[in-house]
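Below is one structure, written out as C-alpha cells, with a few remarks after it.
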Amino acid sequence: MHKALILNGPNLNLLGTRQPEVYGSTTLKMVEELCFNHGKKIGIDVSTLQSNHEGELIDAIHAAKGVQNGIILNAGAYTHTSIALMDAISSVDLPVVEVHLSNIHAREQFRHKSYISKVALGQICGFGTRSYVLALDALVGYLDGEVGA
Ligand code: CA2
C-alpha cells in the first residue's frame, strides 16, 4: 500500500469559515476526511498535517523521507515566496503534487509565481476541494508507473 502525506500550509485551518466565495465552504477536517476515504478507494494510506509555520512545514517534508511515498502539498501563500520550502522538497527524494483550491493563474499577478512548481511532479489548481482528490489520483498513477504520469 502506498503512503502519502497531505500537507497544508498557512491559514488553511480557516477553510470553510471565511471567504467561501474564494475557497468554498468545506472545512479542512472535511477535506482531510475526503482524502482518507478516497485514499482507501485507490490504495494509498493518507496522513495529514496543517501548519501555519514555514519551519514546521519544512520539518514535515524532511520527516516524510523514508516514511511516505509522496506528498500532496498546498503551501498556501508560501507557494509564492518560499525558496526554503522549494529546497526542502529538493532535498527529499519524494514526488510532490502541488495543489491549490483556487486557480492561482487566474488571480492576482503575485499568485502566478510558484516556487513549489519548480520541484513538483505537477500542479493541480482551481478545482476546489476536488483538487486534492485529483492530486491523489495523479500521485497513485505516478507511483504505479502509469505512462504519462
Ligand atoms: O488556492 C489555494 O489553495 C491557495 O494555496 C490558498 C492560499 C493562497 O495564499 C494561495 O495563493 C492559493 C490562501 C489560504 C488561505 O485560506 C483561507 C481559507 C479560508 C479563509 C481564509 C483563508
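The values are calculated or read from the model by the stated rules, or taken from the named source; none is laboratory data. Owing to the predicted nature of the structure, the values given are computational and were not obtained by experimental measurement. Note: ideal-geometry Cβ built from the backbone for every residue, glycine included; neighbour counts use all protein chains shown. SASA here: full protein model, heavy atoms, side chains in, ligands and nucleic acids out. Shrake-Rupley method; radii C 1.70, N 1.55, O 1.52, S 1.80 Å.
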Honestly the stretch 91-149 on the Cα gyration tensor test (a ≥ b ≥ c root eigenvalues; a/c under 1.5 rounded, otherwise a/b vs b/c for prolate or oblate) is just oblate
Identify the GluC sites (Glu not before Pro) of the stretch 52-149 meeting these criteria: DSSP loop state and at most 13 other C-beta atoms within 10 Å of the C-beta.
-> Glu108, Glu146
Pop out the carbon and sulfur fraction of the accessible area of the chain as a percent, whole number, probe 1.4 Å.
-> 52
How long is the gain from Leu14 to Ser91 if the chain were fully straight, where each residue apart is worth 0.36 nm and the alpha carbon distance is subtracted?
-> 24.8 nm
Here the longest stretch of the chain that holds no trypsin sites (Lys or Arg not before Pro) in a DSSP loop having at most 16 other beta carbon atoms within 10 Å is 19-64
Percentage, to the nearest whole number, of Cα pairs in the chain over 23 Å apart = 28
Heavy-atom accessible area per residue - the chain, 1.4 Å, Å² = 49
